[in-house]
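Reading through the structure tokens given below for one structure.
The values are calculated or read from the model by the stated rules, or taken from the named source; none is laboratory data. Since the model is a prediction, treat every value here as computed from it, not as a measurement. As a convention, Cβ positions derive from the backbone with ideal geometry for all residues, glycine included, and neighbour counts pool all protein chains shown.
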Amino acid sequence: MKNMREYKTEPVCLNRYSEYTKEDIVAIIDDLFSKASHLTNPKLVFESTMEPYEDYPGDVEVYVQGMRHATEQETEEYRKQTEIQALAKELGVTFYEAATILNLKQRGKI
């Protein structure tokens, strides 16, 4: 899916010291999904903020994750990277060297 990119909404932090009613949770989830209406195959994700060295549970971040269409700039960047990788493999050089060669060719120096 080279024309799709992974995207996630801004997370909402559920504080462990706060009390949430069923209506609060439904409102939070509805708001997240409304912000993610442009995503393909949206999924609700719950993520703990607890660090490995902590021995108490952290707050929970909730966000919606899905796929969005790539922009023209991202598609062009993907095309350039593919071209650089193909040239590097063909010539047996590093990606940096292949990018330099392509840049010099585009500028008419080679």
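Entry remark, region 88-103: residues being loosely packed, with under 13 Cβ neighbours inside 10 Å, assigned to a loop (DSSP other than H, G, I, E, B), over 28 Å from the mean Cα position of the chain (by Cα) and of a type outside the set (Gly, Ala, Ser) number 0 in total. Candidates LEU32, LEU44: the one that is surrounded by 12 or more Cβ atoms within 10 Å (Cβ to Cβ), part of a strand (DSSP E or B) and modelled with pLDDT of 90 or more is LEU44. Of the listed requirements (1) under 30 Å from LEU14 (Cβ atoms); (2) surrounded by fewer than 11 Cβ atoms within 10 Å (Cβ to Cβ), GLN106 misses just one: (1).
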